[in-house]
Amino acid sequence: TTAINANTIDALSVHFPLCMRNLHRELRKNSHLKHYGRLQYTLFLKGIGMDLNECIVFWRQAFKLMTEDKFKKEYLYNIRHAYGDVGGDSNRRGRGYTPYSCQKLLTDATASASGQSHGCPYRTFSPENLVALLQATGVSDREVLKGVREDVARQRYHIACNRVFDSTHARELKKVKDGNLWPLSELDTILHPNTYFKRSWQLER
Ligand code: SF4
């Protein structure tokens, strides 16, 4: 199986939910990501099992236009902080912060006009931009895109996300269901970006 490290993230990003896929694309496009997106993405990477050292390598390589000095001064601390390696109160130390759930990303993080790209794209993107982003990530089924538009118009954002998951994993899900290969609880509605990743990754294997 693929290890989760700085070198495999590009390949593994096909298993990311749209929120993290969007951050990853923005990061690769600009070799940079603004504060909240960085935090959201760092915690996600931690949640899928990337260790702190690898995460530092990942960000250092991603910010390839930045000097070593600037990276160390302005960015390193926040990564270590998210992992609980430095700072925080004593009960956070060693654990750091918990990766954000869909609920948190849908309620707190409304990416504003300031060019931030955090939050849930099903909520923060206009329907046109959302469909364009989905198409850019390989979702082309017209029925699915229509369903997504209806879901977001009714503010059922995570339903739209689950719809996309189900359609992009239809074949694998059928196999698992027909063969009773997974406990049903493993097929519950996805409510966390890390669950989306884990399920997608496991279905591939
Ligand atoms: Fe990410 Fe959750 Fe939004 Fe899906 S519903 S894109 S997992 S925040």
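Rule-based calculations on the coordinates, nothing more; no lab input. The shown structure was predicted, so the numbers you read here are calculated from the model rather than taken from an experiment. Cβ: placed from backbone, ideal geometry, glycine included. Neighbour counts: every protein chain shown.
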Checklist entry - What is the mean projected area of the alpha carbon convex hull for the chain, to one decimal in square nanometres? => result 12.4
Checklist entry - If packing is taken as the mean number of other Cβ atoms within 10 Å per residue, what is the order of 73-79, 57-63, highest first? => result 57-63, 73-79
Next on the checklist: Give the aspartates and glutamates reachable from K146 as a straight Cα distance under 20 Å; neighbours fewer than 8 places away on the same chain don't count.
Outcome noted: E128, D166
Item to check | Listed residues G119, G138, G84, most fluctuating in the chain (Gaussian network, C-alpha, under 10 Å) | outcome: G138
Checklist entry - Full extension from Q61 to T98: what is 0.36 nm times the residue separation minus their Cα-Cα distance, to one decimal in nm? => result 10.9 nm
Checklist entry - Among the lysines, which have Cα under 18 Å from the Cα of K29 when same-chain residues fewer than 8 positions away are ignored? => result K64
Checklist outcome for this item: Candidates R149, R171, R25; GNM for the chain (alpha-carbon contacts under 10 Å) flags as most fluctuating R171
Item to check | Local net charge near F71, Cβ-Cβ under 11 Å (Lys/Arg +1, Asp/Glu -1) | outcome: +2
Checklist entry - Between the DSSP loop rule and a limit of at most 12 other Cβ atoms within 10 Å, which chymotrypsin sites (Phe, Trp or Tyr not before Pro) in region 109-205 are left? => result none
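Given a cut-off of 24 Å, name the pairs among K175/K198; K34/K104; K104/K175 whose C-alpha atoms lie farther apart than that in the structure shown.
K104/K175
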